[in-house]
Amino acid sequence: MKNTALTRTHEALGAKMVPFAGYLMPVSYEGVNAEHETVRKSVGVFDVSHMGEFLIEGPNALTLIQKVTSNDASKLTVGKAQYSYFPNESGGVVDDLIVYRIKEEVYLLVVNASNIQKDWDHISKYNKKIGATLRDISENYSLLAIQGPKAVESMQSLTSVDLSAIKFYNFVVGDFAGIEHVIISATGYTGSGGFEIYCKNEEVKQIWDSVLKAGTDYGIKPIGLAARDTLRLEMGYCLYGNDINEDTSPLEAGLGWITKFSKDFVNSEALAKEKELAPKQKLIAFELEERGIPRQGYDIVDGNDNKIGFVTSGTMSPSLNKGIGLGYVHSGFSEPGSEIHIQIRKNTVKAKVVKLPFYKV
């Protein structure tokens with residue numbers, strides 16, 4: 001197991017540590033429900049330093065990014081970020097990611113921890129003809145997510161940057177907690193607002209300590225990966241390995257909004273043809289109307305117990321106090337309001353398809 005620069009800090013705080021994507025990571029400190037509520041109502045800080053970071057530089061950087069990602073990175077100006085995915089050659093998804101334009105010819109790609117080597121190999125394969133400069137800086141950089149409605153107010157004392165002026169999916173390179181040249185990004189995976197802070201490994205302990213001190217009067221707490229999962233699921237954000245993977249169609253997964261056919265990219269011709277056809281299945285959001293907790297892999301059935309799909313992510317929503325989930329179903333059952341059933345062990349539990357997000361601010 002690899003450690004982040006803060007592993008010992010988490011252990012000292014009493015975190016429950018578990019293996020995740022090759023790293024020893026804090027899954028919880030005081031419990032998922034309490035941590036979830038902290039982020040929804042005030043502010044929490046996550047160590048997500050296991051995420052991968054690639055720098056793509058030079059005059060051919062944009063050409064490479066346009067080829068390997070689905071979204072149109074030519075729309076990015078310096079200081080803006082973009083959600084995207086890497087399509088594979090067979091209609092599925094290599095990974096989802098965020099693309100940052102740091103300078104005119106410098107881009108930062110932030111990828112999922114479990115896919116770092118796979119993503120690197122995929123990008124490198126296409127770069128053989130394009131010739132951009134690639135650097136994997138994942139081992140040298142740390143990432144903190146400061147999330148919640150009190151994030152701006154609680155962290156403003158740590159920087160000369162006006163945090164309230166940073167719009168969603170924009171970022172600033174500035175001072176933070178006494179460290180220069182930190183990326184302060186108005187992004188996150190919780191739906192409750194806040195920032196993500198990119199810094200060097202040797203700087204992150206100073207920033208972590210400063211963040212907890214600055215947030216004391218606002219009730220800040222360290223938050224583990226378990227609450228990160230319930231928070232993202234309440235927003236309906238896809239999790240790679242659950243809701244999207246090498247075999248899932250990005251169009252069936254609802255990622256058509258970041259699939260831009262104004263350019264040529266990996267498998268774009270086949271995806272364009274797929275778009276013209278009626279999808280056989282769709283990724284839907286559902287709420288249980290009876291007691292139960294849906295889990296990944298559970299069957300979704302119709303009123304006659306015929307299988308019509310499967311659950312990809314599910315939990316007991318701490319905010320709504322009911323079972324919620326995502327899953328793929330035959331398209332005929334995908335409209336909001338449609339009645340479905342979740343097979344939970346020997347019981348079929350009634351549910352209905354709903355619009356996202358589950359949790360509305």
### Query
In terms of Cα to Cα distance under 20 Å, which aspartates and glutamates are near enough to Lys16, apart from those fewer than 8 places away along the same chain?
Glu30, Glu35, Glu37, Asp47, Asp209, Asp229
### Task
Would you work out the relative contact order for the chain, in percent, from Cα pairs under 8 angstrom that are 6 or more residues apart?
17 percent
### Query
If amide H atoms are built 1.01 Å from N in the plane of the peptide, which residues on other chains or at least 5 residues away come under 5 Å of the amide H of Met25?
Val18, Phe20
### Message
What does the net charge come to around Val354 if you take all other residues with beta carbon closer than 14 Å to its beta carbon, with K and R at +1 and D and E at -1?
### Response
+1
### Message
Between segment 193-254 and segment 139-178, how far is it from one alpha carbon centroid to the other, in angstrom?
### Response
14 Å
### Query
What does the charge count near Gly92 come to, summing +1 for each Lys or Arg and -1 for each Asp or Glu among other residues with Cβ under 10 Å from its Cβ?
-3
### Query
Can you give the calculated 222 nm mean residue ellipticity of the chain, where each DSSP H run of n ≥ 4 adds -39,500 (n - 2.57) and the sum is split over every residue, rounded to the nearest 500 deg cm²/dmol?
-6500 deg cm²/dmol
### Message
Just to be sure I understand: of the beta bridges DSSP finds with both ends in the chain, what percent are antiparallel, rounded to 5?
### Response
95 percent
### For the chain, accessible area per residue (1.4 Å probe, heavy atoms of protein chains only), Å²
44 Å²
### Query
Relative to the compact globular guide of 2.2 N^0.38 Å, what is the alpha carbon radius of gyration of segment 1-136, as a ratio?
1.23
### Task
Set the Förster radius R0 to 30 Å, insert the Cβ-Cβ distance between Asp264 and Val78 as r into 1/(1 + (r/R0)^6), and round the FRET efficiency to 0.05.
0.75
### Message
If exposed means no more than 12 neighbouring beta carbons inside 10 Å and the site is in a DSSP loop, what's the longest run of the chain without any exposed trypsin sites (Lys or Arg not before Pro)?
### Response
1-166
### chymotrypsin sites (Phe, Trp or Tyr not before Pro) restricted to DSSP loop in segment 155-228 with at most 13 other C-beta within 10 Å
Phe168
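The values are calculated or read from the model by the stated rules, or taken from the named source; none is laboratory data. Keep in mind it's a predicted model, so treat the numbers as computed, not measured. Positions of Cβ are generated from backbone atoms using ideal geometry, with glycine treated the same way; all protein chains shown enter the neighbour counts. Only protein heavy atoms, including side chains, enter the accessible area calculation; ligands, DNA and RNA are left aside. Shrake-Rupley method; radii C 1.70, N 1.55, O 1.52, S 1.80 Å.
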